[in-house]
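The next block holds one structure in the form of structure tokens; read it before the comments.
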Amino acid sequence: MRVPFSWMREYCDPGLEVDEVAELLSMRAVEVERVIRVGAPSPQGFVVGLVLSAEQHPNADRLSVCEVDTGEATRTIVCGAPNVAAGQTVPVALPGAVLPGGRQLGRAKLRGVVSDGMILSETELEVGDDAAGIMVLGDGAAAGTPLADVLPISESVLDLELNPNRSDCLGVYGVARELHAITGAPLAPAPWSEDAEADGDGEVGDYASVSVEVPELCPRFTARAFSEVAIGPSPAWLKARLVAAGQRPISNVVDITNYVMLMTAQPLHAFDLDRLPGGEVIVRRARDGETMTTLDGVERTFDRETVLVCDRDRPSGIAGIMGGQVSEVSAETTRVLLEVATWDGVNILRTSSMLGLRSEASTRFEKQLHPELAIRGQRIASRLIVELCGARLLPGTIDEAAEIPAPHAISLHGARLDSLLGVHVDREEAIEHLERLEFEVEPDGEDDLRATVPVHRHYDVTREADLVEEVGRLHGFDRLPRTLPEHADRVGGLSREQALRRRAEDAMRDLGACEIVSWSLAAPDLPDRLRLPEGDPRRDAIATDNPLTAEQVAMRTSLVGGLLDAARHNLARDADRVLLFESGRAYLRAAGPAEGGELAGAFAGELPPPACEPHRIGCLAVGAVAPTAWRREARPVDFYDAKGLLEALCSRLGAPLELVPASEPFLHPGRTARIAIDGRESGWVGELHPLVAREWDLPGGAGFEVDLAPLVAASRFGRERYEDVTTYPAVLQDLAVVVAEDVPAERVRAAVLEGGDELLADAELFDLYRGEQVGEGRKSLALRLEFRAPDRTLTDDDVAERREAIKRALAGIGGSLRE
Amino acid sequence: MLDRIEELKAEAEAAIAAAPGAGELEELRVAYLGRKSELTSILRGIGDLDPTERGPVGAAANAVRQALEGALTARRSELEAAELERSLLDDVIDVTLPGTPPVATGHLHLLTRTRREIEDVFVGLGYRVMEGPDVEHDYYNFTALNHPPGHPARMVQDSFYVDPKSLAEGIRVPAWAVARDPAAPGREAEEAAGPDALLPPGPRDVLLRTHTSPMQIRAMESQPPPIFIVVPGTAYRRDTIDATHSPMFHQVEGLAVGDGVSLADLAGTLQEAARALFGPDRETRLKPDFFPFTEPSVQVDVSCMVCGGSGRVDGGERDPVCKGTGWIEILGAGMVDPNVFGFVERSGYDPQTVQGFAFGMGIERIAMLKHGVPDLRMYYENDLRFLGQF
């Protein structure tokens, strides 16, 4: 909303500079986004001139050499406009004046004649849009009069950023009312307080009729008729105001409808009464698929929820949004039917959004205007049409469906006001603020009051809290004390889950990984690129039905896509290795779990979440895991590097980890394992499938993805118990076990631990050997055994006995000791 | 005889101290303590002495022998240490070559760091942290946050709606929580089934949450007042990505409800937070604003951390960060709207008596202001040259 400063000051002038007014409005009422300058930067050097003579330029067909009285002197001015003529009163810029746009006017020689100034057009002054010739001012202004006294040639305009609740500030008078409430400077009487005199022949009902078939969507429809209308250009002051407010002047009747809308927020529409067959107006729902060409020349198709304003034969406009071409006011119009209606805001918003068509009218109607504004609009517009178009107003007003809501009153309790604001506001002060906003206020008891809401705030102010806002903002939110809530019993902190999530992220960082944040929405071809087969549950993504781009359609079911994208991005930009991780959610097609905590996707609230959103840690390495160093040979990441990172993560969380050989479509089939935490399947670890690596232009890579909730649930971190390992020393022994190649190391270790029983505290695999000494198809695993008893020092016999038991256990899996 | 022993001692000690190397030391040992040395002969000839002299001479000779052995050992260590020092001086490396990193230097994402920083500020002020789902019911995202039907923010162009066919088959929503178009087919039958009937979700019932505010409702449903929480999370809007907009972004929501919790408390709390995040000299100001779920609503500005609030940077130029105003908008806030309490009244929130405030801040924006990040897209590009700076 653009508010020309001089226009607003006509209603309320606190005597402040425009920047001060902008600041006050922003701090107390509505945000002024910026102050725009329309027209010349300064009115200096612009005067009214009288053209004394206009002669053909000796050297140029299209130029005239004029003698112009500018008050203090007679100047020779060369003018290129075809319409310049002796006797005209015209706007003149003198040498030194700075024109709109910033160019300073000098004395210039034009085809041999020195021009001592410039006669200006509306466009050059930015007070209208007529560029065809110079602007001719009405009589009355004497030559030499500062032009700014006649025209707003240097206008400051407040550009408001309005919130949807303040439809009242979509009119200049409404903004002036706010300025009055803030400063106390007097507010001019309402412009609608006086009506036009109706002296036309007959009365409106003789010429027109209105039938509203949808009163639920059209709470009021008023119409007045005018005869003897002379269509022509609007006077300069009106054009200047429209231009400053951002509207293009068209003709007097249309300009008046726009002007009244800009003043009051109420849109109006003028019909050529002679182009309305039988003077009939019908307001009805559109038929499904019904079409009409709007004023902008576009054919529109409607549905049943669209409300149309029709003549007897066809639609002539979309209610509250845009008129049609059929009954437009034109230069030939002599009789006008002026429509000022009220529409259902929700319906207008729906239709304008369905059609993708927003207009000055629809942005106002969609905020729900009060039906009372309609008659106010009629009164102001009637006076202007009579005054500026030489028209006669026919007696009477058609007023259909007039459902005027009754005013409502709200109580404001002093105690509640003080408690919500956190500061005491005197009742007298509160009353003053509300009365300036045109609430009718009655004191109620000692501390309370009752306020009747004015028409322009009817839908916006409905509860006590709304009154608190009005009083609070005019008291000044910026004047509130800065206090903290008094609740001393509240205890802040992270939950164990939240703290362990941070620990997991820190662990990944400390292992050398860089955290990424990637899109939750993925491209629809991601499952194919990951080679996920039909039936893989990860193809069943939660999808938006109105995606913004084809790249972001479905919620990710794994973190791997984002990691691959980020790896490719960096490798394409000269990184020779990447070690990335993401801490984020996957979005699965399942009901949200009822328990398991936030990391599992169990969130507070009565309704379970519509999807399952487990929090995960994903990791991907490409190139060497170890950082590049001048004396270290770079070795590309493999399965054991990825597993090492995963083990380190689990170790920092104090959670047990178990891996089972498995396959994943996007991973190397021989180098992949499923992660099990406490027996629960919790993710994958492995090397990228070469085809997937190639799809992302990667030389290879390895990584893992693990659900955080089971890791955190299994975490012993913070719950460790002291264990005595110093009183009775451990006995350390190395053991070499020879087994068949296909026996997994974990099975060997399990057999050793089984044989070692409770005296064997740990068995750590530290070497793997293959070669002639152990024979073809066999391998030797070296383990370091740690024997310990909690209550005594072990003897050689104790250990020897266990060793024998270990031997027997190993025999069970075809293994033997290499002694 | 005793005099001769003392003479020998002095002579030998001088020679040992002056010995330049291990070889010379060995020669001196042979000369003074060897089998053919004078001291050895003296000890060997003690038996030939007068019995009264035997004791004193023997003792003196043995003492000198021990002293000389000690002196030899000491001198040997001295010479060895000097030799080691000499050899170490030849073993010189270039200490300016880079060290060998044990692991690469990892980084948390700037958004994670900033989220934690905000969380920690409020944890310090006595708040707990809660999280909620990204895929959310319209009921929590709009209805219970007092976005009446037809509200502009509900319009399709702003929100990503979830295709109900892509949800799990068994998902049902109670009739009181669906957001049906009154003209939708089958609506009458649904209404007849009563508010608690469980319905399959329609095309406008589930969406990607457009803000973290839905968690206000979920949190209040789960516990009576007082409640002091912050909710970090991801949100989604149908905004084309550019330097200041993104279809996915991150917020921290705040909710403080309890006896007497006031707008002045909001002002004080957010001033503390602004100072913790942007420095102790920051000032804040509140301006009127509008959000459907708060009343009164305010915008909170912080004095510009670049120009210090003057609006001018070095040389008198207009500060581009605050556009010369000296103030920067950091968040929206307000007193929880009584209509919102109305939706959780059965959990102990009486709209007539309960009061509190709520706020929401953008993590991206806070990090941009703190670290001078010029373009929102950098957060999601995951370029290591960006990530490695923080």
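Structure notes:
- Peptide A:457-469 has a mean of 3 when you count, residue by residue, the C-beta atoms of other protein chains within 10 Å of its C-beta.
- Exposure proxy ranking for B:Thr212, A:Thr351, A:Thr74, based on other Cβ atoms within 10 angstrom of each Cβ and starting from the fewest, stands as A:Thr74, B:Thr212, A:Thr351.
- Charges were assigned to the Cβ only: +1 to each Lys and Arg, -1 to each Asp and Glu. The resulting dipole of region A:468-567 about its Cα centre is roughly 360 debye.
- Amide proton proximity set for A:Arg300, modelled H, under 5 Å, gap of 5+: A:Met292, A:Thr293, A:Thr294
- Using the Cβ of A:His487 as centre and a radius below 13 Å, the other residues enclosed give a net charge of -2, where K and R count +1 and D and E count -1.
- Region A:594-740 pair-distance distribution - Cα-Cα, 5 Å bins, rounded %: 2, 8, 13, 14, 14, 15, 13, 10, 6, 3, 2, 1
- The translational diffusion coefficient of region A:452-542, from Stokes-Einstein at 20 °C and 1.002 mPa s with a Kirkwood hydrodynamic radius over alpha carbon pairs, comes to 104 µm²/s.
- Whole-angstrom gap from region A:493-530 to region A:622-653, using each part's C-alpha centre: 18 Å
- Spatially proximal lysines relative to B:Lys9 (Cα-Cα < 25 Å; intrachain offsets below 8 disregarded): B:Lys36
- Cross-link table A:Lys779/A:Lys807; B:Lys323/B:Lys370; A:Lys643/B:Lys165; A:Lys367/B:Lys287; B:Lys287/B:Lys323, entries beyond 27 Å C-alpha to C-alpha: A:Lys643/B:Lys165
- q = 0.12, 0.15, 0.25 Å⁻¹: log10 I(q)/I(0) that the Debye formula gives for region A:547-653, counting C-alpha atoms only: -0.58, -0.81, -1.31
- Rg/Rh, computed from the Cα trace of region A:75-173 with Rh as the Kirkwood radius, has the value 1.10.
- Here the Karplus relation 6.51 cos²θ - 1.76 cosθ + 1.60, evaluated at θ = phi - 60°, turns the backbone of region A:6-11 into coupling constants of 5, 5, 4, 5, 4, 9 Hz, with x for every Gly and Pro.
- Nearest-ten-degree value, helix A:18-28 long axis tilted from longest Cα axis of chain A: 50 degrees
- Neighbour-count ranking [beta-carbon atoms within 10 angstrom, fewest first] of A:Ser156, B:Ser297, A:Ser495: A:Ser495, A:Ser156, B:Ser297
- Peptide ranges A:186-196, A:762-772 listed from the most packed, as the mean C-beta count within 10 angstrom indicates: A:186-196, A:762-772
- Converting the Cα gyration tensor eigenvalues of region A:1-50 into ellipsoid dimensions via √(5λ) gives semi-axes, longest first, of 26, 12, 10 Å.
- Angle between chain A longest axis and helix A:252-264 axis [Cα atoms, degrees, rounded to 10]: 50 degrees
- Top of B:Asn339, B:Asn62, B:Asn146 by mean-square fluctuation, Gaussian network on chain B, Cα under 10 Å: B:Asn62
- Fewest-first ranking of B:Lys165, B:Lys36, B:Lys370, using other Cβ atoms within 10 Å as the exposure measure: B:Lys36, B:Lys165, B:Lys370
- Other residues within the sphere of radius under 15 Å centred on the Cβ of A:Val243, judged by their own Cβ, net out at -4 (K and R +1, D and E -1).
- Rounded to 10°, Cα long-axis angle of helix A:745-756 versus longest principal axis of chain A: 50 degrees
- As a length-normalised measure over Cα pairs under 8 Å and 6 or more apart, the relative contact order of region A:101-204 settles at 10 percent.
- Dipole axis of the protein assembly as shown (+1 Lys, Arg; -1 Asp, Glu on Cβ), positive-most option in A:Thr257, A:Gln88, A:Phe302: A:Phe302
- Region A:375-426 - Rg over Rh from alpha carbon coordinates, Kirkwood radius: 1.40
- For the peptide A:284-292, the mean number of other protein chain Cβ atoms found within 10 angstrom of a residue's Cβ is 0.
- Values of log10 I(q)/I(0), in the order q = 0.09, 0.11, 0.13, 0.15 Å⁻¹, for region A:262-367 under a Debye, Cα-only, solvent-free model: -0.20, -0.31, -0.43, -0.58
- A Cβ-based charge dipole, computed about the Cα centre of region B:1-94 with Lys and Arg at +1 and Asp and Glu at -1, lands at about 580 debye.
- Counting only Cβ charges, +1 for Lys and Arg and -1 for Asp and Glu, the dipole size of the protein assembly as shown around its Cα centre is about 2260 debye.
- Calculation over all alpha carbon pairs of region B:250-328 in 10 angstrom steps from 0 returns a P(r) of 17, 41, 30, 10, 2, 0 percent.
- With the convex hull drawn around the C-alpha atoms of region B:161-230, the volume per residue stands at 123 Å³.
- For region A:296-352, the mean projected area of the C-alpha convex hull, equal to one quarter of the hull surface, is 4.8 nm².
- Translational diffusion of chain B, estimated by Stokes-Einstein from the Kirkwood radius over alpha carbon pairs at 10 °C in a medium of 1.306 mPa s, is 56 µm² per second.
- Take each residue of peptide A:506-518, count the partner chain Cβ atoms within 10 Å of its Cβ, and average: the result is 6.
- Karplus-based coupling profile of region A:354-366, in residue order and whole Hz: 5, 8, x, 10, 10, 9, 4, 5, 5, 5, 8, 4, 5, with θ = phi - 60° in 6.51 cos²θ - 1.76 cosθ + 1.60 and x standing for Gly or Pro.
- Panel note: the C-alpha atoms of region A:692-786, placed on their principal axes, show extents of 58, 48, 19 Å (largest first).
- From phi via Karplus (6.51, -1.76, 1.60), per-residue ³J(HN,Hα) for region A:292-308 in Hz, x at Gly/Pro: 7, 9, 7, 4, 7, x, 9, 7, 10, 10, 10, 10, 5, 7, 7, 9, 10
- Note on chain A: semi-axes of the ellipsoid equivalent to its C-alpha gyration tensor, largest first and rounded to whole Å, are 81, 34, 29.
- Averaging over all projection directions, the Cα-based convex hull of region A:319-404 occupies 6.6 nm² in the image plane.
- Less than 5 angstrom separates the built amide H of A:Glu33 from those of A:Asp159, A:Leu160, A:Glu161, all sequence-distant by 5 or more or on a different chain.
We did not get these values from a lab; they are worked out from the coordinates using the rules stated. Fair warning: this is a prediction, and the values are worked out from it, not measured in the lab. Because the Cβ atoms are built from the backbone with ideal geometry, glycine has one as well, and the counts that use them run over all protein chains shown.
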